[in-house]
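Working notes, beginning with the structure itself.
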Amino acid sequence: MHELGITQNIIAIVSENAQNKKVQRVLLEIGKLSAIMPDAIKFCFDICAEGTIVEGANLEILEIAGMARCRQCGNTFYVDKLFGICECGSVEIDIITGQELNIKEIEVEELCV
């Protein structure tokens with residue numbers, strides 16, 4: 001399960017960018033063509049966050065649909081795998097979206113002094 005290693009890296013990146021502030025929420029973008037299982041990331045998140053400033057943070061995942069553009073006719077269409085066929089019959093496509101793995105937002109606790 002490569003999601004464990006991915007989640008460990010996400011926690012490390014979030015921790016580094018939180019500037020020692022307690023993390024409240026993390027928003028990830030995961031493309032549906034990325035071969036990353038959102039449920040596995042959710043499962044690993046609390047375990048990997050234990051003992052860090054990310055512990056107890058709410059994890060939100062936004063799944064990004066796969067989109068491709070045909071090199072022959074320029075048509076843009078949804079795909080559910082890394083290869084596909086355009087309506088014009090061409091298999092020459094470029095994947096536009098769906099392979100993402102982005103930490104989109106980090107919400108941290110602001111202390112009022």
- Theoretical FRET efficiency, 1/(1+(r/R0)^6), r = Cβ-Cβ of residue 88 and residue 35, R0 25 Å, to 0.05: 0.35
- Item | ³J(HN,Hα) computed for each position of the range 90-97 - Karplus, 6.51 cos²θ - 1.76 cosθ + 1.60, integer Hz, glycine/proline x | 6, 9, 7, 10, 10, 6, 9, 9
- Query: (1) 6.9; (2) 8.3; (3) 6.4: which one is mean projected area of the Cα convex hull in nm² as calculated from this entry?
  - Reply: (2)
- Roughly speaking, what is the stretch gain from residue 27 to residue 63, that is 0.36 nm per residue apart minus the C-alpha to C-alpha distance, in nm to one decimal? 11.9 nm
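Charges only on Cβ, +1 for Lys and Arg, -1 for Asp and Glu: so what's the dipole of the chain about the Cα centre, in debye to the nearest 20?
260 debye
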- Message: Rounding to the nearest 10 and keeping the result within 0 to 90°, find how far the Cα-based axis of helix 3-17 lies from the longest principal axis of the chain.
- Response: 60 degrees
- In the chain, carbon and sulfur make up what percent of the accessible area (probe 1.4 Å)? 50 percent
- In nm, spacing of pseudo-spin labels at residue 55 and residue 105 (7 Å Cα→C-beta vector): 2.6 nm
- Task: Would you mind checking the tilt of helix 38-49 against the longest principal axis of the Cα atoms of the chain, expressed as 0 to 90 degrees and rounded to 10?
- Result: 20 degrees
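The values are calculated or read from the model by the stated rules, or taken from the named source; none is laboratory data. A quick note: this is a predicted structure, and the numbers were derived from the prediction, not measured. Counting neighbours? That spans all protein chains shown, and the Cβs are built from the backbone with ideal geometry, glycine included. Ligands, DNA and RNA are stripped out before the accessible areas are found, and what is left, the full protein with its side chains, is counted by its heavy atoms. Shrake-Rupley method; radii C 1.70, N 1.55, O 1.52, S 1.80 Å.
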